[in-house]
Amino acid sequence: MASAKTLLGSVLGRFLFTDSRVTQVHERSRVFRQIDCEGPALKGQGWTPGDKVQVFLPGLGMRTYTPLSWNEERGATSFLVYLHGDSPGASWGRDVKVGDTVQFFGPRRSLSLEAGDAPVVLFGDETSFAVAYAFRTAARRDVTPVFEVTEPDACVPVLRELGFEGQSVAREPGDAHLARLHERLREAMGAKPGAALVMTGRAQSIQALRARLRGDGDRATPKVKAYWAVGKTGLD
């Protein structure tokens, strides 16, 4: 018997959610799948790079994603799903198949760039691959990302396809890798004078790296969007 939560979500979905259908599922690596969706309701949504959608997972709740792309004329979008552990989003990403219905709220504003064509230096992790790609392709910005990743071998083929090969640093016990991330960010910002600094991904890493950059005398105010935090739920 369906739970009350599932029934409520199904009822609300008829009125509040955007409906789409999965048209393709791409195996990008053992920890990433790209989900392509299409549907008439996706046309003319006014998506901008960095916007988010909250996918409704029946019986599991909501999971937030930043679309890789959005074709408003065709009514099509794509998500890069990180298959991390046994979280609701990872479970859905492993099980979803062509023909499945996908319902979501959005797109809604989450992280946006200032007008202009200034280059972007972006810090993030596996949850940030999509926003970096969207900024580079849809916003047509010069994006230099610095990613922290848990499984480099599983991330390399995905980053290569997205055009970001060689721009990741492996996580280390006790966050020992933060020193290398700090150095990579300093190098990227030095090579791109006037670049906008965007910091995404894990809240604890963002906080630590901001402190290090301020210690360097950097007084720039980065755009910040923590997608998750150790020991907390509900960030998006």
Legend entry - Unit charges at the beta carbon, dipole of the stretch 123-236: most positive-side option, Pro157, Ala134, Ala195: Ala195
Legend entry - Using alpha-carbon coordinates, inclination of helix 203-215 to the longest axis of the chain, degrees: 20
Inset, instruction - Treating cross-link reach as a plain straight distance, find the lysines whose alpha-carbon is under 28 Å from the alpha-carbon of Lys223, omitting any fewer than eight places away in the same chain. - result: Lys52, Lys192, Lys232
Legend entry - Spread of Cα-to-Cα distances over 10 Å intervals beginning at zero, given as percent, for the stretch 64-143: 15, 45, 31, 9, 0
Inset, instruction - Quick one: angle between helix 152-162 and the longest Cα principal axis of the chain, in degrees between 0 and 90, rounded to 10, please. - result: 80
Legend entry - 10 Å binning of all Cα-Cα separations within the stretch 115-236, expressed as whole percents from 0 upward: 13, 48, 34, 5
Inset, instruction - Return the distance in nm (one decimal) between the two label points of a simple spin-label model at Thr23 and Asp142, each offset 7 Å from Cα along Cα→Cβ. - result: 3.4
Legend entry - Rg/Rh ratio calculated on Cα atoms of the chain (Kirkwood radius): 0.97
Inset, instruction - Run through the DSSP bridge list for the chain and note the antiparallel percent, rounded to the nearest 5. - result: 65
Legend entry - Spin-label model distance (nm) - Glu72 vs Val230, 7 Å beyond Cα toward Cβ: 4.1
Legend entry - Dipole magnitude of the stretch 16-164 about its Cα centre (Cβ charges: Lys, Arg +1; Asp, Glu -1), debye to nearest 20: 260
Inset, instruction - Over the chain, give the accessible area per residue in Å² for a 1.4 Å probe, as an integer. - result: 49
Inset, instruction - Please list 191-198, 59-66, 41-48 highest first by mean number of surrounding beta-carbon atoms within 10 Å per residue. - result: 59-66, 191-198, 41-48
Inset, instruction - May I ask for the angle, rounded to the nearest 10°, between helix 4-16 and the longest principal axis of the chain, with both axes built from Cα atoms and the value confined to 0 to 90°? - result: 80
Legend entry - Residue (of Phe56, Ser91, Val25) at the positive-pole extreme of the chain, dipole from beta-carbon charges: Phe56
Inset, instruction - With the cut-off at 15 Å, report for the stretch 153-204 the share of all Cα pairs above it, as a whole percent. - result: 60
Legend entry - Accessible-area composition of the chain, carbon plus sulfur, in percent [1.4 Å probe]: 50
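The values are calculated or read from the model by the stated rules, or taken from the named source; none is laboratory data. Just so you know, these numbers come straight off a predicted model, no measurement behind them. Note that each Cβ is placed from the backbone with ideal geometry, even for glycine, and that neighbours are counted across all protein chains shown. For the accessible areas, the whole protein counts, side chains as well, though only heavy atoms, and no ligand, DNA or RNA atoms are used. Shrake-Rupley method; radii C 1.70, N 1.55, O 1.52, S 1.80 Å.
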